[in-house]
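Values quoted throughout were computed directly from the atomic coordinates according to the rules given, and no laboratory measurement underlies them. Quick caveat: nothing in here was measured; it's all calculated off a predicted structure. Cβ placement follows ideal geometry from the backbone for every residue including glycine, while neighbour counts extend to all protein chains displayed.
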Amino acid sequence: MEDKILNIAKLIPKLEQGQRIVLGLDGLSRSGKTTLTKKVEKYLQEKNISFHLLHIDDYIVERKRRYNTGYEEWYEYYNLQWDVKYLKDNLFVNLKNSNEIQLLTYDYGSDTQRLEITKIPDTCVIIIEGVFLQRKEWRNFYDIIIFLESSRQKRFNRESEAIQSNIEKFQNRYWKAEDYYMEVETPLTQANLVIQN
């Protein structure tokens, strides 16, 4: 993993005062994004580089807007799990020039969204971690994109037994959405760096 971090580090330029670099850590479910993100954070801390982390899953919408909508399950997951336009207009557009970003943030316990204010340092690396980050609506806002690649079987094996037992959900919801993303957005060819995991 250390060599992977060094490969990422080479892509991050020396920050000038007042500069922000937006780093996208993209990858499908259970590809190892969270582990990699922690390693990148540790590296930046050791190098005294200011950073701010955003998880795209913190901004999903309520269940009623993404389940039982009448659309196919994969479509719900890919297109309705996040309000793509809202995030473009309220998150991505403001990453480089706003000190405060106001975003509807999802609370998993109550299945509600609440408005939260996020303060972003003037000079920092902004790390955005999550799935489907290279949608056409968001892609141009990143300075650097890392894609973490891992086979479907390997990723599925990382799920708990209870979750694995509901394979229909993977077949109908997750895997079809992943296939769509890989085919339509071609994240492997768009990323600055692809890491095998």
Exercise for review: Find how many whole Å separate the alpha carbon centroid of region 139-197 from the alpha carbon centroid of region 53-92.
Suggested key: 16 Å
Point to revise | Entries of Lys42/Lys119; Lys39/Lys85; Lys4/Lys42; Lys38/Lys119; Lys4/Lys47; Lys10/Lys119 with Cα pairs more than 23 Å apart | key: Lys39/Lys85; Lys10/Lys119
Revision key, fill the gap. Computed, not fitted: 222 nm per-residue ellipticity of the chain from DSSP H runs ≥ 4 (each -39500 (n - 2.57)), nearest 500, equal to -7500 deg cm²/dmol
Practice item. Output ³J(HN,Hα) for region 41-53: one whole-Hz value per residue in order, computed from phi by the Karplus curve 6.51 cos²θ - 1.76 cosθ + 1.60 with θ = phi - 60°, and x for Gly and Pro. Key: 4, 4, 4, 5, 4, 4, 8, 6, 9, 5, 8, 9, 9
Study note, to complete from the structure: Scaled by the rule-of-thumb 2.2 N^0.38 Å, the alpha carbon Rg for region 1-70 gives a ratio of 1.43
Point to revise | Other-chain or far-sequence residues with amide H under 5 Å of Leu91's (modelled H) | key: none
Review point. Taking only Cα atoms, what is the 0 to 90° angle, nearest 10, from helix 2-11's long axis to the longest principal axis of the chain?
Key: 70 degrees
Exercise for review: Select from Gly70, Gly27, Gly130 the residue whose mean-square fluctuation is largest in a Gaussian network model of the chain (Cα-Cα springs shorter than 10 Å).
Suggested key: Gly70
Point to revise | Size of charge dipole - the chain - debye, nearest 20, with Cβ of Lys, Arg +1 and Asp, Glu -1, no other charges | key: 260 debye
Check your understanding: Share of Cα-Cα pairs in region 2-196 beyond 25 Å, in percent?
Key -> 38 percent
Exercise for review: Kindly rank 138-145, 109-116, 14-21 from highest to lowest mean number of other beta carbons found within 10 Å of each residue.
Suggested key: 138-145, 14-21, 109-116
Check your understanding: How about region 25-77: which GluC sites (Glu not before Pro) there lie in a loop by DSSP and see at most 15 other Cβ atoms within 10 Å?
Key -> Glu62, Glu72
Review point. Using alpha-carbon pairs under 8 Å, 6+ residues apart, how would you state the relative contact order of region 2-196 in percent?
Key: 35 percent
**Study point:** Among Lys33, Lys47, Lys154: highest mean-square fluctuation, GNM of the chain, C-alpha pairs under 10 Å
**Key:** Lys47
Revision key, fill the gap. Bridge orientation stat for the chain from DSSP, antiparallel percent rounded to 5, came to 30 percent
